[in-house]
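The structure appears below as structure tokens.
The values are calculated or read from the model by the stated rules, or taken from the named source; none is laboratory data. Keep in mind that what you see is a predicted model, and the values were worked out from it rather than measured. Every residue, glycine among them, receives a Cβ derived from its backbone with ideal geometry; neighbour counts consider all protein chains shown. When the accessible area is computed, the model is the full protein with side chains, heavy atoms only, and any ligands, DNA or RNA have been set aside. Shrake-Rupley method; radii C 1.70, N 1.55, O 1.52, S 1.80 Å.
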Amino acid sequence: MQRPGVVNLLDFDLDALSAHCGRLGEKPFRAVQLFRWIHQRGVSDFSQMTDLARSLREQLPSLAHVGAPPVVSEQASDDGTTKWLFDVGGGNAVESVFIPEAERGTLCVSSQAGCAVGCRFCATGHQGFSRNLTTAEIVGQLWFAEHHLRARLGLAPGERGPKGNDTRVVDNVVMMGMGEPLQNYGALLPALRVMLDDHAYGLSRRRVTVSTSGVVPMIHRLREDCPVSLAVSLHAPDDALRDQLVPLNRKYPLNELLQACVCYLDAAPRDFITFEYCMLDGVNDSLDQARALVRLVHDRVACKINLIPFNPFAQSGLKRSPSERVAAFADVLQGAGIVTTIRRTRGDDIAAACGQLAGEVQDRTRVAQRRTRGTIPLLPAEPA
Ligand code: SAH
Ligand code: SF4
């Protein structure tokens, strides 16, 4: 729990931290030192930050703290995928999922408790909107995961484990957890800057992905402020169906959305946009719809299409498309020259809101009702 007047330093990107240090009468280079201790070394105890001026070390505890939201539980899948549930207060929890692969370690991060967009096929959307996460709560997910994994693997700051599934730390972040990141832009932007900062996590722009259901004005803002990789959740080849599946489409229809994607490519770190397409049995998965999707995007937006197996959950009334239909749909796209991937399901034995995972999704994001079977309880996060 945050004490009044005490700021969480995970809320600050380096510019904001420098300004904050300036207000305390400190030189800007102190902010760099502090930033490195916090993000590169995972240190939250100011007394351990030995190269800080003693005066600052002594002042800081009464003015500031460093802390992620408390971890409620950790679930580990047989394939190494790990999910953490963070308590963000008021009975809400958000989740992050770490997905280790041979070539990268991906952390799927949440941006909101709940979501106001209300997509038909999304458990978070069905839950409704509770509140925006703060920058500290977004960055806190990465800060916790990175240093928890490092400690588990015995890796020194900056050290990378040998290549392999079980020795990965985070080198790829996808904003694909709970919430619509572009409806929490004010908190998202500094969080992205922390992820990219060489004095913090130093992730490349290509390895930070914002996924959006299509908040068009904010796609333009992101292009200007902090272009990172962009994934757009498309899910339908025409406005009539997309209006039903992704209600935000009624405000920002496909034509505007695709135009925003084309503009985004001017500044993007990759020369394509990723379109996410969740395969729903009998809803958006026919071969005619595949051909309509080709007509929609082909020769218009340089893109890759990622077909996602649907995570079924009881209230959705929807079913996952059979794998043969997904393969046939992919064939149509590939036949037209569109690079298409079928997302491999990970962590099948654990449930997660993250679109990267499959498995029965339950209402596991309410702290009071959380599922405990198969979870590994963790100690509460250190008090500030
Ligand atoms: N709000 C953003 C990011 C969070 S959702 C967005 O919609 O893009 C991350 C991804 O998970 C999106 O592509 C979303 O469509 C997908 N997703 C949501 N619910 C899903 C489900 N039940 N099964 C599979 N993917 C799902
Ligand atoms: Fe929100 Fe994304 Fe879920 Fe849609 S898919 S309800 S935008 S989190």
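For the range 267-301, give me each residue that is in a loop (DSSP other than H, G, I, E, B) and within 23 Å of the chain's Cα centre (by Cα). Within the range 267-301, Ala267, Ala268, Pro269, Arg270, Asp271, Phe272 qualify. When the range 73-95 is filtered for residues that are touching a Phe, Trp or Tyr at 6+ places or on another chain (Cβ under 9 Å) and buried (at least 21 other Cβ atoms within 10 Å of the Cβ), the ones remaining, listed by number, are Ser73, Gln75, Thr81, Thr82, Lys83, Trp84, Phe86, Ala93, Val94, Glu95. The residue of the range 343-357 that is modelled with the highest pLDDT, among those that are within 25 Å of Val297 (Cα to Cα) and surrounded by 20 or more Cβ atoms within 10 Å (Cβ to Cβ), is Gly355. Identification of strands (runs of 3 or more DSSP E) wholly contained in the range 31-139 with 3 or more residues that are over 20 Å from the mean Cα position of the chain (by Cα), at pLDDT 95 or above and among the aromatic types (Phe, Trp, Tyr) yields no element. The set of residues in the range 248-290 that are surrounded by 16 or more Cβ atoms within 10 Å (Cβ to Cβ) and of a type in the set (D, E, K, R) comprises Arg270, Glu276, Asp285. Out of curiosity, is Arg242 open to solvent by 40 Å² or more (accessible area, probe 1.4 Å), in contact with a helix residue (DSSP H, G or I) (Cβ under 8 Å, 6 or more places away or on another chain) and either under 30 Å from Gly42 (Cα atoms) or not small (Gly, Ala, Ser) (or both)? Judged against the criteria, Arg242 is not a match.
Checking each residue in the range 3-17 for being assigned to a helix (DSSP H, G or I) and crowded, with 20+ Cβ neighbours inside 10 Å picks out Leu9, Leu10, Asp11, Leu14, Leu17.
Inclusion of Leu14 among residues that are closer than 19 Å to Ala151 by Cβ, of a type in the set (A, V, I, L, M, F, W, C) and modelled with pLDDT of 95 or more is not warranted. Scoring Ala102 on the criteria (1) open to solvent by 10 Å² or more (accessible area, probe 1.4 Å); (2) among the hydrophobic types (A, V, I, L, M, F, W, C); (3) in contact with a strand residue (DSSP E or B) (Cβ under 7 Å, 6 or more places away or on another chain) leaves a single failure, condition (3).
Residues in the range 310-342 that are under 20 Å from the mean Cα position of the chain (by Cα) and open to solvent by less than 30 Å² (accessible area, probe 1.4 Å) were compared, and the one that is modelled with the lowest pLDDT is Asn311. Of the residues contained in the range 82-101, none is found to be among the aliphatic types (A, V, I, L, M) and more than 17 Å from Leu142 (Cα to Cα).
The set of residues in the range 197-229 that are within 14 Å of ligand 2 (Cβ to nearest atom) and not β-branched (Val, Ile, Thr) comprises Ser211, Ser213, Gly214, Met218. Figure legend. Inter-residue proximity from the range 115-126: first residues on the phi > 0 side of the Ramachandran plot, second residues more than 7 Å from ligand 1 (Cβ to nearest atom) and of a type outside the set (Phe, Trp, Tyr), beta-carbon distance below 7 Å, spacing 6+ or different chains. Indicated pairs: Gly118/Gly125; Gly118/Pro247. Of all the residues in the range 112-122, those that are open to solvent by 20 Å² or more (accessible area, probe 1.4 Å) and more than 7 Å from ligand 2 (Cβ to nearest atom) number 3. Counting only residues that are closer than 16 Å to Tyr201 by Cα and open to solvent by 30 Å² or more (accessible area, probe 1.4 Å), the range 18-43 holds 6 of them.
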